[in-house]
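Worksheet: the structure to be examined is printed underneath.
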Amino acid sequence: AVRQSREGDCWLLATTGWMVKHRPDVVRNAIEPAGEGRWRVRFADGEVVEVSTPTVTELITVNSQATLKEGLWLPVVKEAMGEIIGESNAKKAEIEAESLRIVGGSGARMFQRWTGHKVRTVRLEGRTPVEEVRKALVDGVARKAAMGAGTPKEPKAADGTVPPRGSIPPNHALAIFGFDAERDM
């Protein structure tokens, strides 16, 4: 169900996909009916949001066909996050449809919202030794910790040049589902 259909919501989808795979009860228990056409979403960080069922336009605009086949749970989470974003971002609050506010966000903050735990960030861009990153990955996998990664807006190679576009786009969030220390992958 967690398939990105357009740019901008990878931060929400990657983290939510990880949670659904590894801690489905957290996601399942976060969403409950709140009366006629309304839903209550309770995140582990303590945030509680009540939203309306997304409109047909919102469902089509910000959801893939795979998502829509699985029911309303993910569109309702997107509505809740759009509401939260609108409360702290005046420019995005001007967008009437909550789920259309979710373009651009933080995977780290979304993991914090889902887990209720502070997120540790390890930056690769020349600041952190590779061995430290490997150790964090091995430790995270062993602890079954929620982990993600992001690509920079403008990736640069070690020599400062811009590398050719590869399979992972710039300014993109991903969930880490495992790490093979022997193959360093």
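Just so it is clear, none of the values below were taken in a lab; they were calculated from the coordinates. Keep in mind that what you see is a predicted model, and the values were worked out from it rather than measured. Please note: Cβ atoms are built from the backbone with ideal geometry, for glycine as well, and neighbour counts cover all protein chains shown.
Numbers for the structure displayed
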| read-out | value |
| --- | --- |
| The range 74-100 - residue that is charged (D, E, K, R) and either touching a residue at least 12 places away in the same chain (Cβ under 8 Å) or assigned to a helix (DSSP H, G or I) (or both) and, of those, surrounded by the most Cβ atoms within 10 Å (Cβ to Cβ) | Glu79 |
| Unique match (being farther than 20 Å from Met147 by Cβ, hydroxyl-bearing (Ser, Thr, Tyr), surrounded by fewer than 16 Cβ atoms within 10 Å (Cβ to Cβ) and touching a helix residue (DSSP H, G or I) at 6+ places or on another chain (Cβ under 7 Å)) among Thr55, Thr67, Thr61 | Thr61 |
